[in-house]
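K.L.:
Okay, here's the structure, questions in a sec.
Just so you know, all these numbers are worked out from the coordinates, no wet-lab data involved. Being a predicted model, the structure only gives us computed values, none of them experimental. Using ideal geometry, Cβ is built from the backbone for each residue, glycine included, and neighbour counts are taken over all protein chains shown.
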Amino acid sequence: MTYGIDFGTSNSVVARYNGDSTEVLPVDGGSLPAQWREPEFEDLFPSVLSVRDFDRTLCFGWAAKTTTGEPVDAVKRMLGTRSAGTEQIDDESLFLEEHHVWIGGEPFRSTAAAAALFAQMKAAASRHLLDLSEAVVTVPALATGGARYRTRAAARLAGIKVKALLNEPTAAAISYATDVDIPGRLLIFDWGGGTIDVTVLHYDGKYFEELTSRGIAALGGLEFDEALARIFLRQLGQVPEKLTLQERNRWRRDVELTKIALSRRDIGEVPFDLPALGTSLTVSRNEYAAAVAPLIDRAMQPLEQCLDDLGVGPGEIDAVLMIGGTSQIPEARDAVGSILGTDRIVDAGLCHPMTAVARGAAVYSAALDNHMDRERFSLVTNYDLGTAIAAGARKGFVPIIKRNRTLAARGEGRFTPARPNAGSVKVEIIEGEAGYAADSDRAFPLGTLEVRLPRPERDPERNAVIVDFRYDHSGILRVKVTHEITKRVLMEQEIDSFGKDGTPLQQGLEGELDRLLAHAEVPFVGGSSRAPNVAETTNSHPAAPEFRAVAEPQGRDDDLSVNGVPQNRI
């Protein structure tokens, strides 16, 4: 039995493949409240942690989502972004400082919070006498290196070995092709709670080849919630300060339910009650559609970028798979149809919008167990991988492995020390985009290699090193540094650590997860999930009922010295 896990910003799904078909594992469906009964919602496990109202113990999933306690959601967004409150003071600033969430008045790193969610999925499998000890886990196609490593680390902390990290749109395409075996060029429009990814791949009846992916890291259902909340705030004329924390949390979920109702074409308007303020509001579907129109327009940009990448027109796309809850909004489907043609959009009954990603991951998991089957899948790099060079006031970016290279991918660069008699050479590793600076918002620093040299040399050229970069089939990066003259290997490692507190398990995350999970039985002490003056590093929404997730990708303004310059590359 093989498993796939779709670890989502808003919801997660676990599926298994038995050799003939896929089925979804009911992680939390028995707890689904009546007001949330929508198609496929019984298959969803909300990616939410919370503190119960009365006994102040930890809960997850639907219980956490619907409590009026202290919910913490959108943890996934935090895994691949730098903490907004981090000071950049030295070379360590090239690493990604980890976000913290405050739960029950205690701080936990985002990786530990994510691991707690994975642990609940594993426990649910055990309740069904199933062993979820390994799985393929999906990530957004445009997930940064930080997001990929932390996702894998979180699953591993929970006792789940990650066989591979698979891009979510590709997983959906695998699920679809398993059920509907029609070759062609597929465009997957993956729009869920947190991100939008658009991927084009070719399926010839046997082999899957990723062609290109584009996306936006922080554009999804959370932004639609915020747009709707602004309508209510505008009607109230002010932020409803009279609401208690519990009332605000309930207000947030009521906004989400109202959004779901307004996503139906046959709805004219929806009432919205605020008993704490003694008032009732009404929002029309037309008003809501106008408010979210800019979000939908923005979501079309990665779609058009994909077509431009390939130099193809809409007529050269054979089928369009629209997956994720946000993609099912009628206006979103209309916008995609206006570009690609409505006749190319696959009916939701043929491609499960909420569960296709997990189903495809389960199929891919089975393929990994058979070498011949694994060769059917050709995945690509989604960023340019390279390094920074001195370029005046900004850092220049030199790609070494170009985006859209088929995995496994390899490239190398030649680096020399910045000065004579240097004892080491430093190399910045950056995921970026050709044509943009290494310190722009298009770049993501994976880290800095500091390589000790055999001995100082007056001539820096005599201490040149060759740095070999290799992505494996799941997008995990390894580096090997060789001294050019002596051929001595100076360093060989996987890039898996971000920030001073780090991702590796030996740096305290295992104990942190145990401390968090213990609160499922042992009550938290204290009355708030949030510490003073840490709003920028928590994932709790602001006290006022606004809905923007704070853990969004941050640009970089630091301008550290660059000591290594690549002279040639593959």
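K.L.:
Can you compute the FRET efficiency between A518 and S133 using 1/(1 + (r/R0)^6), with r the Cβ-Cβ distance and R0 = 22 Å? Round to the nearest 0.05.
P.N.:
0.50
K.L.:
If you don't mind, there's one more thing I want to ask. By how many nm would the segment from S378 to K161 lengthen if fully extended, with 0.36 nm per residue of separation less the alpha-carbon distance?
P.N.:
Contour length minus the Cα-Cα distance gives 75.9 nm.
K.L.:
Could you sort the peptides 116-126, 179-189, 201-211, 43-53 by per-residue average Cβ neighbour count (10 Å cutoff), highest mean leading?
P.N.:
43-53, 116-126, 179-189, 201-211
K.L.:
Dividing the alpha-carbon Rg of region 267-352 by 2.2 N^0.38 Å yields what?
P.N.:
The reported ratio for this selection is 1.42.
K.L.:
Farthest toward the dipole's positive end in region 383-498, which of G447, M491, V465, given Cβ charges of +1 (Lys, Arg) and -1 (Asp, Glu) about the Cα centre?
P.N.:
V465
K.L.:
Extending each Cα 7 Å along its Cβ direction at N421 and Y436, get the distance between those two points in nm, one decimal.
P.N.:
Rounded to a tenth, the inter-label distance reads 4.2 nm.
K.L.:
Highest mean first, how do 134-141, 157-164 rank when packing is the count of other Cβ atoms within 10 Å averaged over residues?
P.N.:
134-141, 157-164
K.L.:
Just order 99-109, 355-365 by mean Cβ neighbour count inside 10 Å, highest at the front, would you?
P.N.:
Averaged packing, sorted descending, gives the order 355-365, 99-109.
K.L.:
Please give the net charge around L281, taking every other residue with its beta carbon less than 12 angstrom from that of L281, where Lys and Arg add +1 and Asp and Glu add -1.
P.N.:
Spelling it out: positives minus negatives among the neighbours equals -3.
K.L.:
Compactness ratio of region 147-258: Cα Rg over 2.2 N^0.38 Å, N = residue count?
P.N.:
Taking the Cα Rg and dividing by 2.2 N^0.38 Å, one obtains 1.51.
K.L.:
In a shell of Cβ-Cβ distance under 11 Å around T22, excluding T22 itself, what net charge do Lys and Arg (+1) and Asp and Glu (-1) give?
P.N.:
Overall, the nearby charge balance is -1.
K.L.:
Here is a further query. Along each principal axis of its Cα atoms, how long is region 384-494 end to end? Whole angstroms, biggest number first, please.
P.N.:
39, 35, 17
K.L.:
Also: Tell me, K426, K402 in order of fewest to most beta-carbon neighbours within 10 Å?
P.N.:
The fewest-first ordering by Cβ neighbours comes to K402, K426.
K.L.:
Rounded to two decimals, what ratio of Rg to Rh does region 323-453 give with C-alpha atoms and a Kirkwood Rh?
P.N.:
Here Rg/Rh amounts to 1.14.
K.L.:
Run down the lysines and flag those whose C-alpha is under 16 Å from the C-alpha of K259, throwing out any fewer than 8 positions away in its chain.
P.N.:
By straight Cα distance, K259 reaches K65.
K.L.:
Continuing with this model, one more query. Using +1 on the beta carbon of Lys and Arg, -1 on that of Asp and Glu, and nothing else charged, what's the dipole of region 226-372 about the Cα centre, debye to 20?
P.N.:
680 debye
K.L.:
Here is a follow-up. Can you tally the net charge around I389? Count Lys and Arg as +1, Asp and Glu as -1, for every other residue whose Cβ sits under 10 Å from the Cβ of I389.
P.N.:
0
K.L.:
Given R₀ = 35 Å, FRET efficiency for E331-E23 by Cβ-Cβ distance, to 0.05?
P.N.:
Once rounded, the FRET efficiency stands at 0.60.
K.L.:
Still on this structure, I have one more. Excluding residues on the same chain fewer than 8 positions from K426, give the lysines whose Cα lies under 23 Å from its Cα.
P.N.:
Answer for K426, where 23 Å is the Cα cut-off: K395, K402, K480, K487, K500, listed by chain and number.
K.L.:
Roughly how many nanometres apart are two label points built 7 Å out from the Cα toward the Cβ at D273 and A34?
P.N.:
Taking the two extended label points, one gets 1.4 nm.
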